[in-house]
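The values are calculated or read from the model by the stated rules, or taken from the named source; none is laboratory data. Computed from a predicted model, the values in this text were never measured in an experiment. In this analysis, Cβ positions are derived from the backbone assuming ideal geometry, glycine residues included, and neighbour counts consider all displayed protein chains.
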């Protein structure tokens, strides 16, 4: 199978590329190499004859047509997106352009290619999205996001992803394009760009800096190890039913304070502070993000029952693996710390009232 992966130099995309190549699939990585992309994420596959790279922006329709015509993929896995909520608060325009307009161009390029190829039966357009499109849940553990949950996005990021989801569904209903959709919970693991919560905590702890927690730390997320997510995505693209949505969860809910305290305990064991104190002493509560959703949690029954997929690691196991990876790969994250916005507090709605 030849897979065209958009955003393959990003965090989740690179995990998909590595796993797909490792399983013997041909992969074409299409990436614009914006600030969060890193080709070093793909060092283990870059020399493989199964791997090819195209530096293309998904908003460039002519270039997309060229890539489809040249590589002739069997399936598309569309992961390219602006994905940081805080950045979407400060600059929503990039999210509209990439996540909505870019997805439109991908759909049209894929549809043109699919039609010209004679509507091949095995072709799939797999759109990878987020659980944030569903909005926020109450604390009641019985309340979970399902594939039937109504959309209720609360941030420019989640609104742009919700819009892209609707476009994908429209293209199968209107034009018959064979699509698949997945909505995932919060990812973490190796190669996570150092602006998200878990890498921020690890790297700030090692640097002796405050460990920032928004609000009182009570916001709850379901955490999904990125390599488990990559496995789920390949399962869906190979076995999923056309037009179907599959929610992918880690079955590991934790509030942010508990998560950060767990990371501190792991670091206390693996890299103790010189003064003998716990990294928990560095925890600092900061002003909450505007529109911060209280809780996300996914009911993964459909993907488990229909496709036989379940996550392989608990959040404690995954966090231990993640911390060790960052300890072992300092050269990777050091090279990214000078990129625009990294290490800065974003998403404070500082322009409100202007």
Exercise. Can you spot a residue in the stretch 28-46 that is touching a helix residue (DSSP H, G or I) at 6+ places or on another chain (Cβ under 6 Å), in contact (Cβ under 8 Å) with a residue 40 or more places away in the chain and within 21 Å of residue 231 (Cβ to Cβ)?
Worked result: yes
For this session: Exactly one condition in (1) in contact with a helix residue (DSSP H, G or I) (Cβ under 6 Å, 6 or more places away or on another chain); (2) under 21 Å from residue 192 (Cα atoms); (3) surrounded by fewer than 22 Cβ atoms within 10 Å (Cβ to Cβ) is not met by residue 22; state its number.
Result: (1)
Problem set entry | Spans of helices (runs of 4 or more DSSP H) in the stretch 270-354 with at least 1 residues closer than 23 Å to residue 202 by Cα, more than 20 Å from the chain's Cα centre (by Cα) and modelled with pLDDT of 95 or more | 315-328, 330-334
Exercise. Residues in the stretch 260-267: is at least one buried (at least 21 other Cβ atoms within 10 Å of the Cβ) and under 22 Å from the mean Cα position of the chain (by Cα)?
Worked result: yes
For this session: Would you be able to say whether some residue in the stretch 223-235 is farther than 20 Å from residue 9 by Cα and modelled with pLDDT of 95 or more?
Result: yes
Problem set entry | Considering residues of the stretch 8-17 that are part of a helix (DSSP H, G or I) and either in contact with a helix residue (DSSP H, G or I) (Cβ under 7 Å, 6 or more places away or on another chain) or without any contact (Cβ under 8 Å) to a residue 24 or more places away in the chain (or both) only, the residue nearest to residue 191 (Cα to Cα) | 11
For this session: Check every one of the helices (runs of 4 or more DSSP H) wholly within the stretch 133-240 and list those with 1 or more residues that are under 22 Å from residue 291 (Cα atoms) and touching a strand residue (DSSP E or B) at 6+ places or on another chain (Cβ under 7 Å).
Result: 156-175, 197-206
Exercise. Regarding residue 8, is this residue surrounded by fewer than 24 Cβ atoms within 10 Å (Cβ to Cβ), modelled with pLDDT of 95 or more and closer than 25 Å to residue 329 by Cβ?
Worked result: no
Exercise. Taking the stretch 110-128 as the search range and keeping residues that are without any contact (Cβ under 8 Å) to a residue 60 or more places away in the chain and crowded, with 23+ Cβ neighbours inside 10 Å, which one is farthest from residue 79 (Cα to Cα)?
Worked result: 125
Exercise. Can you name the residue in the stretch 33-44 that is in a loop (DSSP other than H, G, I, E, B) and surrounded by 19 or more Cβ atoms within 10 Å (Cβ to Cβ) and is also modelled with the lowest pLDDT among such residues?
Worked result: 36
Problem set entry | Count - residues of the stretch 60-71 that are surrounded by 18 or more Cβ atoms within 10 Å (Cβ to Cβ) and touching a helix residue (DSSP H, G or I) at 6+ places or on another chain (Cβ under 7 Å) | 2
For this session: Among the residues of the stretch 18-32, write down those that are within 19 Å of residue 124 (Cα to Cα) and part of a loop (DSSP other than H, G, I, E, B).
Result: 23, 24, 25
